[in-house]
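This report refers to the structure that appears directly beneath it.
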Amino acid sequence: MKHHEDMILQTVAKIAAFIILTVAVYLFWGGHHQPGGGFVGGLIVSSAVILMYLAFDLKSVLAGISFDFKILAPIGVSIAMVTGMIPMFMGRPFLSQAFGYFDLPIFGETELASAVLFDTGVALAVIGTALTIITAISEDECTWKH
């Protein structure tokens, strides 16, 4: 591929990744009232990173990320489990949700729900798992070519 074609692909990929990440945040935040949530948001975030892998090379994308995706999955599962277990200590069923409305400075009256914490754990687990698998496949492919 010629250099100017790479530049076009990379520019379009950056714009598309920004749009994809915006949709992921929207679906994540609305997930406990509408379709979406942590699983879908995590998959969409993963797809944005995979798009960047395709437009750039694996090493370039990983150089811009200062942490290992492999730790996200266990951290996410831990957050989801703890969030689900906390209600049990209060005599309520596993995964019971609590929510309340709070007046936040910029946003005004805003609902805050424990489901967001659970969704955060699920999203981190999905992102960590998907990107670890894709990274492992990409690294294996790179070693096969040499």
* Charge context of GLY128, other residues only, Cβ under 10 angstrom, K/R +1, D/E -1 -> 0
* Structure fact -> Expressed as a percent, the accessible surface of the chain that is carbon or sulfur, using a 1.4 Å probe and the full set of protein chains, is 72
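Go ahead and estimate [θ] at 222 nm for the chain from helices alone: -39,500 (n - 2.57) per DSSP H run with n ≥ 4, summed, over the residue count, rounded to 500.
Values: 5 runs with 98 residues, N = 146.
Helix contribution divided over all residues of the chain: -23000 deg cm²/dmol.
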* Can you pull the accessible area of ILE15 for me, 1.4 Å probe, Å² to the nearest 10? -> 100
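In Å², what does the accessible area per residue of the chain work out to with a 1.4 Å probe?
Values: 9770 Å² over 146 residues.
I get 67 Å² per residue for this part.
Which order do PHE99, PHE107, PHE28, PHE118 take when ranked by solvent-accessible area (1.4 Å probe, heavy atoms of all protein chains), largest first? If you can, show how the numbers build up before the last one.
Details: PHE99 125, PHE107 160, PHE28 35, PHE118 65 Å².
Descending order: PHE107, PHE99, PHE118, PHE28.
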* In nm, spacing of pseudo-spin labels at ILE75 and ILE15 (7 Å Cα→C-beta vector) -> 3.3
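Against the globular-protein guess of 2.2 N^0.38 Å, express the Cα radius of gyration of the chain as a ratio, rounded to two decimals. Write out the running numbers ahead of the final one.
Values: Rg = 18.6 Å, N = 146, 2.2 N^0.38 = 14.6 Å.
Output field value: 1.27.
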* **Value of relative contact order over the chain, rounded to a whole percent, pairs C-alpha under 8 Å and six or more apart** => 28
* Asked: If a helix is a whole DSSP H run, which ones in the chain reach 27 Å or further along their own axis (Cα) and hold a mean Kyte-Doolittle hydropathy of at least -0.5?
  -> 3-30, 114-145
* GNM result for the chain, Cα springs below 10 Å: residue of PHE56, PHE89, PHE67 fluctuating most strongly -> PHE89
* In nm, give the distance between the simple-model label positions of LEU112 and ILE133, each being 7 Å from the Cα along the Cα-to-Cβ direction. => 3.5
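The values are calculated or read from the model by the stated rules, or taken from the named source; none is laboratory data. Since we're looking at a predicted model, the values are computed, not measured. Ideal geometry is used to build each Cβ from the backbone, glycine not excepted, and the neighbour counts take in all protein chains shown. Keep in mind that these areas ignore ligands, DNA and RNA; they rest on the heavy atoms of the full protein, side chains included. Shrake-Rupley method; radii C 1.70, N 1.55, O 1.52, S 1.80 Å.
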